[in-house]
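Presented below is the structure to which this report refers.
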């Protein structure tokens, strides 16, 4: 990727604004990334570089990494974990790079949803937007349902509804404040999670070096005695889905661009932080866990509490005390952070849909504090309902079906992002747009390799998920309930796409006719001076800027 491109063309870029009132449903809506004039206020651009960088680095660290890795290890074994998590991590990095390339040019509030509408097909924008909103609403509720389970590590005395209520008060309270407080909350919790991960990784290194008193010695059991693939291909397929839960969520970076002070500065740096998170936190963790914890350990068959975390199992086996309690506390904090993050994503997706005329217009209203008030209220209402229905057995079954949307929406979104990137490049070429010659343009190298790789791997992983959903581990016969508990998101996405296309008769956007002007935020003289100063610094000072808070 080109971090710095020589200036070879004009600096003037047109930035027109079209009111959504002038565009009918089903048409390609173009707008400047700000709410139309009929809306009150604008999304505030007060997310600083440190906010976006830290959210990228630690935002998604939570139960997916700390607990779900135990299920992946048990079902897939060491080799399957290494294959599954490595592939998903590479796909996540490809997604982030593709998102950054488009977002640096068009940092609109809808992110990849608006880009799909702009460059591919409004029907794709609708399908991405609706499923993204629904998926992240269910994530808010899912995190709330886990709170009481995590608390059982310490006590069983807290009622489920009470634990959910405290969780919801925290999550909703964060969004009742001006949006800058959400950024500070996510920054603080992400920093704590990163610190916790550093402590855990250092502990794992000590255990690998022989610290503790684990007997019998579990080290390297999975690589010397255990079968390479205890559940065959099904075990590998299972790890794909579990890895996506642990590493997914790159879409938030695309949606935060409209509230970022300098998208051209923030997005490429967020990509680098994601690479660090993948290599240091995920890959090292997976390697350490597969060495320290046997795949057939009975403790991995827990009920989803921190006691079934492979990190905790390794520490308990070695006689280490205190760290499991720290992990439990960090997981609880992480649940609140991911809940707030999920509500942020779903509310901004709703704003984007309203701005494009696909949801009621009032949902795009922004108040003076930078909050999309009505989008937050509607999203909060659905989140509360989905959270509390888990208190009953019947409601829990209903929620399981709805929550399965989030299981596969990552892969559908990733395929859409790859298609959008290809169409975006075609539009730039067809219209001979000078975007790549502007000062400090950020262009991804190797086109179209990254986009094609992401599309092909997303399709294959989605197919693998369908396979293990139809034929689950254990040999159970195929049945609709088991299948849709994992795969419901795909038919919902397809129904949204085809339904919108049939109703509004949308057409695929021709590259020569795609709107390349509205929504662009060209670098001004202050931005260019900022980058001039940054790139004039020696490399060590530029590297140090990544850890300044």
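Tabulated data for the structure shown
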read-out: Per-residue Cβ neighbour rank within 10 angstrom, fewest leading, 513, 526, 485, 186; value: 526, 513, 485, 186
read-out: Rg/Rg_globular for the stretch 55-212, with Rg_globular taken as 2.2 N^0.38 Å and Rg from C-alpha atoms; value: 1.28
read-out: Kirkwood-based shape ratio for the stretch 419-478, expressed as Rg/Rh from alpha carbons; value: 1.30
read-out: Relative contact order %, the stretch 106-220, counting alpha carbon pairs below 8 Å whose residues are six or more apart; value: 11 percent
read-out: Relative packing of peptides 203-209, 491-497 - highest average C-beta neighbours within 10 Å first; value: 491-497, 203-209
read-out: Rg over Rh, two decimals, the stretch 284-384 (C-alpha only, Kirkwood Rh); value: 1.24
read-out: Diffusion coefficient, µm² s⁻¹, Stokes-Einstein with Kirkwood Rh over alpha-carbon pairs of the stretch 324-469 at 4 °C and 1.567 mPa s; value: 68 µm²/s
read-out: Rounded, prolate or oblate (a/c below 1.5 giving rounded, otherwise prolate when a/b exceeds b/c) for the stretch 420-547 by Cα gyration tensor; value: oblate
read-out: The stretch 398-549: relative contact order as a whole-number percent, Cα under 8 Å and 6+ apart; value: 37 percent
read-out: Largest-first principal axis extents, alpha carbons of the stretch 152-281, Å; value: 55, 46, 34
read-out: Relative packing of peptides 530-541, 286-297 - highest average C-beta neighbours within 10 Å first; value: 286-297, 530-541
read-out: Cα gyration tensor shape for the stretch 122-193, rounded if a/c is under 1.5, else prolate or oblate; value: oblate
read-out: Protection proxy ranking of 124-132, 225-233, 239-247 - average other beta-carbon atoms within 10 Å, highest first; value: 124-132, 239-247, 225-233
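Each reported figure results from applying straightforward, stated rules to the coordinates on display, with no laboratory input. All of these numbers come straight from a predicted model, not from anything done at the bench. Every residue, glycine among them, receives a Cβ derived from its backbone with ideal geometry; neighbour counts consider all protein chains shown.
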